Each structure stands twice: as C-alpha cells, then as structure tokens.
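Let me begin by presenting the structure, written as structure tokens, before commenting on it.
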Amino acid sequence: MFSTERGAANLLIGVVIGLIVLKVTVGWLSGSISVLAQAADSFLDLFAGVVTFFAIRIATKPADRGHPFGHGKVEDMAGVVQGVLIFIAAGLIIFSSVQRIINKTSVELAEAGIGVMVISVITSVFLSRHLRKVSQATGSIALEANARNINADIYSATAVLVGLIVVRLTGLNILDSIVAIGMAIYIVKLAYDTLGKPLLGLVDASLPPSEQAVIESCLAEWRGQEIVGFHELRTRRSGNQRYVDLHLVMAKDASLEQTHQVCDLLEHDIQAKLPRSNVTIHVEPCDGKCKQCPIDSSACQTK
C-alpha cells in the first residue's frame with residue numbers, strides 16, 4: 001500500500017501531521033524554542049509532502065499532445081520548492097532563537113519536550129528509510145527530496161533532545177536557543193543539497209558520469225556488429241525519466257531491416273541497465289574513411 005509513489009506520499013503526510021500536533025502542543029506548553037523550531041520544520045515537511053503528492057499525480061501522467069516528453073519536470077519543480085522552503089525555515093528559526101536569547105526566555109516542562117523528541121527521532125528514522133527505499137525503486141526526485149528533509153529531522157531532533165536534557169540537568173535555558181541555531185545552520189546545508197538535483201533537471205543537465213558510462217558500455221558491446229561507431233551522444237533527465245539520443249554509424253552494407261533490429265536491441269539493452277530511459281537513435285552510413293574499420297565488410301574500405 002505504501003510502496004508506491006502515491007502511497008509513500010500519503011504515509012508522509014499522515015505521519016508528519018501527527019508529529020506537528022505533538023510538537024506544537026509540547027512546544028507551547030514548555031516554551032521551548034527548539035521544540036517549536038522542530039514543529040516549524042515539520043510543518044514545512046507537511047507542505048512539502050502535499051506538494052509532492054500533487055507533483056507525483058501530475059508527473060506520472062503519460063505523455064500527451066501538449067507534453068510529448070511527459071510531465072516529469074513537475075517533480076523537479078517540487079524539489080526546488082522544497083529546497084526554498086527549507087531555507088526560509090532556517091531563517092525563521094535563527095531569528096526566533098536570537099530573540100529568545102535577548103529576552104532571556106526560560107524553558108518549562110523540559111521532560112515533555114524530551115519525550116516528544118524521542119518519539120520524533122524514532123518515527124523519522126523509519127519514515128526516512130521508507131521514503132528513500134521507494135524513491136530508489138521509482139526514481140522519484142520529489143520523494144528523494146522528502147527523504148532528505150525527514151533525515152534532517154533525525155539529526156535536528158537528536159540535537160534538540162540533547163539540548164533539553166542538558167537544560168533539564170543544568171538549568172541553562174540559553175542552551176535551548178543555541179541548539180536551535182545550530183539546527184538551523186544544518187538545515188541550510190540540507191536546503192543547498194536538496195536544491196542541487198532538481199535544478200540540474202530543470203536546466204537539462206547531462207546524466208551523471210556513471211550513467212553515461214553505462215550507455216557507452218552498451219554501445220561498446222555492440223561495436224563491430226554492423227555498428228561502426230557513434231557520436232553526438234546527449235543525455236538529460238526529466239523527473240524520474242532519462243532521455244538519451246545519439247548518432248549511430250552503421251556499415252554501408254547493413255540493410256534497413258538489420259539496422260532497425262540492431263537499434264531495437266541497443267535500445268532494449270540501455271533501458272534494461274538504465275530503467276525509465278527513452279532512447280532516440282539517428283542512423284548514419286559509414287563514409288569509408290576510417291583508418292581501421294571495426295566491421296569485417298568490403299563495404300567499409302580501409303585506407
């Protein structure tokens with residue numbers, strides 16, 4: 001039920017709503033800025049989860065006349081929105097923490113804050129692992145961004161937990177605000193990391209070198225079997241879809257039927273090793289000017 005993109009998004013929304021209710025209640029009762037900062041972070045997780053839910057609904061729609069390449073970039077846009085929201089959350093946390101240090105605000109009921117942070121850490125560990133697992137299985141950029149967000153909650157909630165324990169033992173209320181500022185700095189780094197991949201998708205950056213190497217290895221395996229060589233290899237990503245196009249140089253004596261069969265087999269090979277790939281091949285005949293032709297054919301003459 002929760003192993004699909006939509007199911008994982010539904011799970012994310014439900015869990016985050018529960019955590020928000022707990023954190024807001026305890027943060028308000030205890031007056032802890034670090035717990036309220038956690039609540040604000042969870043509220044942004046909820047907003048990001050809602051964005052992800054609708055983004056996935058749109059991104060998984062099949063290509064149509066108006067969108068012949070599909071709707072995958074909607075996921076990249078959702079990832080960018082999440083990154084910007086994380087930056088905003090970090091700024092608000094820092095501002096509130098500084099204000100509390102200036103006003104020397106104290107923390108009450110630290111025990112309640114400790115309890116809710118323990119619950120938050122345990123819940124976030126399981127939720128983050130599940131979202132990452134589903135994102136890897138489906139290639140969802142939006143779910144991957146959410147997994148990063150929830151993973152940040154684990155570290156930030158742990159920091160808040162330690163801070164509240166120290167406040168409870170020592171009575172140094174300023175530590176609560178200091179921990180919140182430290183958490184905000186970490187969240188800024190997370191926002192920077194979250195923005196990277198979806199921004200690359202929006203500007204049609206090439207696939208990672210490791211994935212391009214897979215494509216080139218597929219081409220190398222077929223070289224010498226009617227295939228003379230290739231050039232103009234271009235790649236890009238849109239959401240969870242990969243797009244590959246290249247120019248394939250075929251032996252002059254290769255028939256149209258042979259060429260079509262080789263192209264089909266090559267496409268299937270690439271798609272098997274890089275799922276959700278759309279491969280477009282432009283075929284060219286060998287010009288016979290190779291210094292050493294890899295094809296054992298009289299039609300491809302050597303100099």
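Quick note: the coordinates plus some simple rules give every number you see, no bench work behind them. Worth saying up front: this structure is predicted, and the values here are computed from it rather than measured. Note that each Cβ is placed from the backbone with ideal geometry, even for glycine, and that neighbours are counted across all protein chains shown.
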Grab every C-alpha pair in the range 5-202, bin the distances at 10 angstrom width from 0 up to the longest one, and report whole percents. 10, 36, 30, 15, 6, 2, 0
Can you sort L109, L12 by how many other beta carbons sit within 10 Å, fewest first? L109, L12
Stokes-Einstein diffusion coefficient of the range 147-199, Kirkwood radius over Cα pairs, 20 °C, 1.002 mPa s, in µm²/s: 180
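Please give the net charge around I20, taking every other residue with its beta carbon less than 11 angstrom from that of I20, where Lys and Arg add +1 and Asp and Glu add -1. Present the calculation step by step, with values, prior to reporting the outcome.
Details: positive: K23; negative: D41, D45.
Charge balance near I20 sits at -1.
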One would report the Cα pair-distance distribution of the range 209-285, bin width 10 Å, in %, as 19, 57, 22, 3
